[in-house]
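The values are calculated or read from the model by the stated rules, or taken from the named source; none is laboratory data. Nothing here was measured: the structure is a model prediction, and the numbers come from that model. For neighbour counting, all protein chains shown are included, and Cβ atoms are generated from backbone atoms with ideal geometry for every residue, glycine included.
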Amino acid sequence: MSARRFKGSLGQHLVDQPHEKIEEIQDKDGDEALEIWWTPGNKGIRENERADEKGKKAARGNTSTDDQLPHGCRGKIKMSRSAARQNYSRKIKNNATRQFMELSRYSCLHEINPSTPSHRFHKDT
């Protein structure tokens, strides 16, 4: 088995570390030391359904404490380039909105169009 990496794929940052561990195991013990099974979704597989529920719980912010996690999963999770770009773009837009709302002409424009500033503003004017 080869733990190939496909740079630039969405979510790739989430699988890089397991791939490195797989390569480490293969280098140490050979291909027979590791067996990976693919299971189709959560269809009737109790363990998968349980893992899915735990994943949803974690996504809602109910996560395990660091001492309950494997060492490789502790601390901050790396952010993908795409997520970093989206986060940066959101910060820039929020800053521009805040600055726009501080302008003297904002109150006049807001009376004309109460949704000002909005992404639709350019389409409306």
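Looking only at the stretch 60-72, filter to residues that are in a helix (DSSP H, G or I) and surrounded by 10 or more Cβ atoms within 10 Å (Cβ to Cβ); which one of those is modelled with the lowest pLDDT?
Here is the first cut: in the stretch 60-72, the ones in a helix (DSSP H, G or I) are 66-68, 71-72.
When the remaining residues are screened for being surrounded by 10 or more Cβ atoms within 10 Å (Cβ to Cβ), the result is 66, 72.
On the way: D66: 79, G72: 72.
Selected residue: G72.
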What is the residue count in the stretch 38-59 for residues that are modelled with pLDDT under 80 and surrounded by fewer than 12 Cβ atoms within 10 Å (Cβ to Cβ)? 8
Yes or no: the stretch 73-80 includes at least one residue that is of a type outside the set (D, E), part of a helix (DSSP H, G or I) and out of contact with any strand residue (DSSP E or B) (no Cβ under 9 Å at 6 or more places or on another chain). yes
The one condition in (1) within 24 Å of the chain's Cα centre (by Cα); (2) part of a helix (DSSP H, G or I); (3) surrounded by 12 or more Cβ atoms within 10 Å (Cβ to Cβ) that F100 fails to fulfil: (1)
